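To keep things clear, I will list the structure first and then write my remarks on it.
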Amino acid sequence: MATNKKKITNYFNAQSTQSDNDSPTPVTKVSSKKNIEVKQKQRNYMFKEEWLEMPDFKPWLVKQPTNDKENPIKAYCRFCLCSFSIKSNGLNQIKQHASTDKHLKIEAQRPKTDGVPFDEKQINLNQKRALCEATLVFHNVKHNQSYLSMDCLVKVLKTVADDSKTINAILLGRTKARMICKNVLAPLTVKDLIGNLGENPYSLGTDASNKGAAKYWPVVIRYFDLNKGTKHGVLRFFQDHNENSETISTNLIDTIETYKLQNNRMMSYNGDNAPVNFGVNKSVYVHLQNYFKSTQKPIFKGNCYAHILHNACKNGIKLMTYDVETFVLSTVSEFKNYSGATAELRKFCEDFDVENTSLVKHISVRFLSLGYSLEKILKMWQPIKSYFLSQGKDNVKTIIWKFLGDDESSVDTSTVGEAFLYFVHSISSLINKAILYVEGDSVEISEIYDTFDSLRKEFIDRKSKKFFGMETRKVLKELTPYESNKFTKEALQIYEKIIDYLNKWFPFEKNGLLFLAGQVNLQKEIEFSELIKLAELLSVDIDDDLLSEIRFFNSKRSEFSTENISLSKKWSKFLKNVPSPNLQRLIQHLFTIPPNNCYCERIFSSMNRLITDDRNKLSDKAIEAELLLKFNFETTDELDMENQCLNFFNYIQNRPAFKTIVKDILSNSKYDDNLEK
């Protein structure tokens, strides 16, 4: 009986507790026939909208849907940036979170800005404070600093300038700085980019880069602005492990629809020359053509022409008797991996009075690395050759020894291998020069044809004259006639392979886009008939005024063609001063087509500096925001490129939407998108 009485007492105590706290504490019932405990099913609380309006919770409480069927709604705290369940205890769990030490500490440190009226002086102070915070965030991103440094910087500023009301008003920790970048400044850059684009034609491009196990993709846009020339920008930056053509094209189409880009203004798709981008059957280019079929306008291929040059060099030298590329890899590895070899090489450099410089590692997929690595080796060729000869044939890799000659060779003895080294260096120097030009930030599609045509003519001329470079010529003089003839025969075959590759993969036809685009290069007068063909190819509408526009342009061409500015800025300057609607439409469509994929590569270089071992906890959205802020503000002419951080304050302050920016920085709305969707 005592036991049953105790259980009944516990039952009423439990009921009383549940009534007081509105808590679904498990209830124990006692069977009258058997002494068996039966637990009732626990009650699940649902989130109530009225909680969001309670004064104590309104600044920080958010309703958060989840994908969990058992717990479909959670509560989210804007202050603590965390979510928590309310299903077991409802409102009491929200009160419990509000009373935690972490929440109380953060709440005490936060400024009371929302809905508080200020006088005019206080408004100005808060505006200055918001602008200072935005400028500091921009400076932080521009110079690849971590958000942790922001905490320290603000403390230092308040110490060294304690008499400044504006600086003392700044409240900018790492969390707030990250949110200003992600939810205020980064969206602003995309909004400006789309606004500047307006009705102009555009091109979209993308590429992929791995960072550890993650694969990142940017979506970039290119267009011609009448006031600023050719412009680029970043619309998105995201992670996606799929790199098939369907996924890539879906992401591009999603970007077009998200930002409401006009389908009939899409000019080209830009990517590297991989089959997934420009293959015949199931490529991204084919999928986009099908998507834009209703516009009745062609979409042009924005190939990376630097890739063609790189492959032409690799294709030419890959079947040589002497494998120069493997020799370079082995030689650099010898001195990069063994400190003893490096120390001995330093002594040989002193003996030959040659400057000892660090060798450059060659990476086969990088366009310029073979030429640079080979150049470093040849500058120290005598010390390097002496080092390997001193090691003896048995202690040197076979591929390296093949270039040195036989056991009786000396440093002064020239070999066929040396002739091939100098020959490949001569070839790579020619091609690297063309690659650097094609990869230039300001190069236009109209300048590509002349570059390839000049390079092809150079190889044809060298082949006909049997010229293999001056240093190669010196080595050939010291070889036997048999060795010299053998080298000459193989070198001519290499020239032939390079020429054939260029002819196969580059469109040299006279009626093609690249040839006709050369009409606007300012190197010669525009021919009316050729420009008509270009307009038809681009599907650009022109009228009878084109002839008079061309005539006037030809008369003024020499006045601005020699200026030391990019081709697009020359055209921008002419079109602003001399209204020429037909020429303007042609240039806007033509200069939209990119000649390379280097803008994406610049983004990846910046990404690699952004994601490091020390900064490995940034979310994908935070990474995207920093890249948007960094690259999209570079397209703004109002910012002096050398003093962007100094001028950013004035740029933001003079914007029409200045008050909206200030409001977004000061309010709590910038924390909203931390919700897990």
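The values are calculated or read from the model by the stated rules, or taken from the named source; none is laboratory data. Please read all numbers here as calculations on a predicted model, not as lab measurements. In this analysis, Cβ positions are derived from the backbone assuming ideal geometry, glycine residues included, and neighbour counts consider all displayed protein chains.
Tabulated results
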read-out	value
Residue check for Asp225: more than 19 Å from the chain's Cα centre (by Cα), at pLDDT 90 or above and assigned by TED's automatic domain parsing to the domain that holds Glu626	yes
Unique residue being within 42 Å of the chain's Cα centre (by Cα), farther than 26 Å from Ala343 by Cβ and either hydroxyl-bearing (Ser, Thr, Tyr) or at pLDDT 90 or above (or both) when the list is Leu374, Leu378, Leu370	Leu370
Any hit, segment 457-464, residues being over 20 Å from Pro595 (Cβ atoms), part of a loop (DSSP other than H, G, I, E, B) and without any contact (Cβ under 8 Å) to a residue 40 or more places away in the chain	no
Test: residue in segment 598-611 that is more than 30 Å from Met179 (Cβ to Cβ) and of a type outside the set (Phe, Trp, Tyr)	yes
Subset tally (residues that are outside any helix (DSSP H, G or I) and within 15 Å of Leu197 (Cα to Cα)) for segment 230-267	12
Criterion (outside the structural domain of Ser619 (by TED's automatic domain parsing) and either modelled with pLDDT of 90 or more or assigned to a strand (DSSP E or B) (or both)) met by exactly one of Phe118, Phe138	Phe138
Sole residue being in contact with a Ser or Thr (Cβ under 8 Å, 6 or more places away or on another chain) and closer than 30 Å to Ile299 by Cα, chosen from Leu629, Leu583	Leu629
Residues satisfying the stated conditions in segment 550-568, i.e. within 14 Å of Leu583 (Cα to Cα) and touching a strand residue (DSSP E or B) at 6+ places or on another chain (Cβ under 9 Å)	Ser568
Those helices (runs of 4 or more DSSP H) lying entirely in segment 501-613 with at least 1 residues in contact (Cβ under 8 Å) with a residue 40 or more places away in the chain and surrounded by 18 or more Cβ atoms within 10 Å (Cβ to Cβ)	513-517, 528-538, 567-577, 581-590, 598-610
Scope segment 346-383; condition within 15 Å of Val324 (Cα to Cα), hydrophobic (A, V, I, L, M, F, W, C) and in a helix (DSSP H, G or I); matching residues	Leu370, Leu374, Ile377, Leu378, Trp381
Residue that is modelled with the lowest pLDDT [pool: residues in segment 647-668 that are outside any loop (DSSP other than H, G, I, E, B) and loosely packed, with under 15 Cβ neighbours inside 10 Å]	Asn650
Flag for Ser529 being within 23 Å of Ile448 (Cβ to Cβ) and touching a Ser or Thr at 6+ places or on another chain (Cβ under 6 Å)	no
Residue that is farthest from Asp406 (Cα to Cα), among those in segment 472-500 that are among the acidic types (Asp, Glu) and at pLDDT 95 or above	Asp500
Hits in segment 423-455 (condition: surrounded by 18 or more Cβ atoms within 10 Å (Cβ to Cβ) and acidic (Asp, Glu))	Glu439, Glu444, Glu447
Test: residue in segment 152-172 that is of a type outside the set (Val, Ile, Thr), touching a Phe, Trp or Tyr at 6+ places or on another chain (Cβ under 9 Å) and modelled with pLDDT under 95	no
Where Phe138 falls short, out of the listed (1) touching a Phe, Trp or Tyr at 6+ places or on another chain (Cβ under 7 Å); (2) closer than 30 Å to Arg585 by Cβ; (3) crowded, with 17+ Cβ neighbours inside 10 Å	(2)
Filter pass, Ala419 being buried (at least 17 other Cβ atoms within 10 Å of the Cβ), under 39 Å from the mean Cα position of the chain (by Cα) and at pLDDT 95 or above	no
Selection count, segment 272-285, where residues are surrounded by 16 or more Cβ atoms within 10 Å (Cβ to Cβ) and not small (Gly, Ala, Ser)	7
Verdict on Met179 being farther than 26 Å from Tyr285 by Cα, of a type outside the set (Asp, Glu) and in contact (Cβ under 8 Å) with a residue 60 or more places away in the chain	yes
Some residue of segment 210-220 being assigned to a loop (DSSP other than H, G, I, E, B), under 18 Å from the mean Cα position of the chain (by Cα) and either surrounded by fewer than 22 Cβ atoms within 10 Å (Cβ to Cβ) or of a type in the set (Ser, Thr, Tyr) (or both)	yes
Members of segment 268-305 that are under 21 Å from the mean Cα position of the chain (by Cα) and not in a helix (DSSP H, G or I)	Ser268, Tyr269, Asn270, Gly271, Asp272, Asn273, Ala274, Lys301, Gly302, Asn303, Cys304
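Residues are listed down the side, and each one gets a yes or a no for (1) at pLDDT below 95; (2) over 28 Å from Thr592 (Cα atoms); (3) outside any helix (DSSP H, G or I):
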position	(1), (2), (3)
Val443	yes, no, yes
Phe452	no, no, no
Leu455	no, no, no
Phe467	no, yes, yes
